[in-house]
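Down below is the structure, laid out as structure tokens.
The values are calculated or read from the model by the stated rules, or taken from the named source; none is laboratory data. Predicted, not measured: the structure shown is a model, and the values here were computed from it. Reconstructed Cβ throughout: ideal geometry from the backbone, glycine too, with neighbour counts over all protein chains shown. Please note that ligands, DNA and RNA were not included when accessible areas were found on the heavy atoms of the full protein model with its side chains. Shrake-Rupley method; radii C 1.70, N 1.55, O 1.52, S 1.80 Å.
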Amino acid sequence: MNRHSSEVLLVLNAGSSSLKFGLFGLSGDEGEPRPIALGTARPRTQDSYAVRVAREDGRQSEDQIWSGSTAEDIVRTLLGWIGQQSEFGEVVAVGHRIVHGGAEFHEPTIIDDTILDRLAALVPLAPLHQSACLGPVQLIHALRPALRQYACFDTAFHRTIEPPAGRYALPRHFEAEGIRHYGFHGLSFESVAAQLRNEGGAAVAKERIIIAHLG
């Protein structure tokens, strides 16, 4: 990808009711993306969302009301809002937190029609959350089919959990159908673990650490 200062990455985290989003500038080098704006949209009424956006340039957080009854409505409005902010630049890729990757998906994956179908097939393993995070993917695919989208999986961090820890106390045929302990919130745990490694180095890597995901 040819990166320059006007190219930005949009990151979406669609929950069962709320939507969190972030915009990150892609510099010309291979350094970390630079945060530009972070936001949260939460249902306010039946047909509106309360949106709070914090810009990383030091400006005070902005509170707005956006019309819509679904996360897809908010993503549609969000894309239009980004286009109106001249300082943001052009969205060249979208990253999505996908709740369930099943036994197959462990790494960030470019989403195409085939991948989207395979992710939709995992909805029975997380009916409420998987459908919610795939909705924005499908909308962006329909609105901007050329825009590259990536799936990052909440189950990937815990993929090394082996039996018996990875098993439920159920007949084995359920496990063959995909019913097992996958472990969730992996992206959060991965972020914390990376920060601990960066701050503590090799000494921290040798310790046994408890990370509590609260909320």
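Here are the numbers:
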| read-out | value |
| --- | --- |
| Residue satisfying condition, being farther than 30 Å from residue 50 by Cα, open to solvent by less than 80 Å² (accessible area, probe 1.4 Å), within 18 Å of the chain's Cα centre (by Cα) and among the acidic types (Asp, Glu), within set 112, 154 | 112 |
| Every pair of residues 6+ apart whose Cβ atoms lie under 6 Å, when the first sits in region 112-132 and is under 20 Å from residue 175 (Cβ atoms) while the second is among the small types (Gly, Ala, Ser) and open to solvent by 50 Å² or more (accessible area, probe 1.4 Å) | 123/131 |
| Search result, residues across region 58-100 that are under 15 Å from the mean Cα position of the chain (by Cα), closer than 30 Å to residue 178 by Cα and touching a residue at least 60 places away in the same chain (Cβ under 8 Å) | 71, 72, 94, 95, 96, 97, 99, 100 |
| Count of region 157-189 residues which are open to solvent by less than 50 Å² (accessible area, probe 1.4 Å) and in a loop (DSSP other than H, G, I, E, B) | 6 |
| Pairs where the first residue, in region 20-39, is at negative phi and at pLDDT 85 or above and the second is open to solvent by 60 Å² or more (accessible area, probe 1.4 Å) and aliphatic (A, V, I, L, M), C-beta under 7 Å, 6+ apart | 22/38 |
| Qualifying residue in region 190-213 (condition: buried (at least 16 other Cβ atoms within 10 Å of the Cβ) and not in a helix (DSSP H, G or I)) | no |
| Hits in region 55-99 (condition: assigned to a loop (DSSP other than H, G, I, E, B), at pLDDT 90 or above and either open to solvent by less than 20 Å² (accessible area, probe 1.4 Å) or of a type outside the set (S, T, N, Q) (or both)) | 68, 99 |
| Test: residue in region 125-144 that is open to solvent by 80 Å² or more (accessible area, probe 1.4 Å), within 24 Å of residue 13 (Cα to Cα) and assigned to a loop (DSSP other than H, G, I, E, B) | yes |
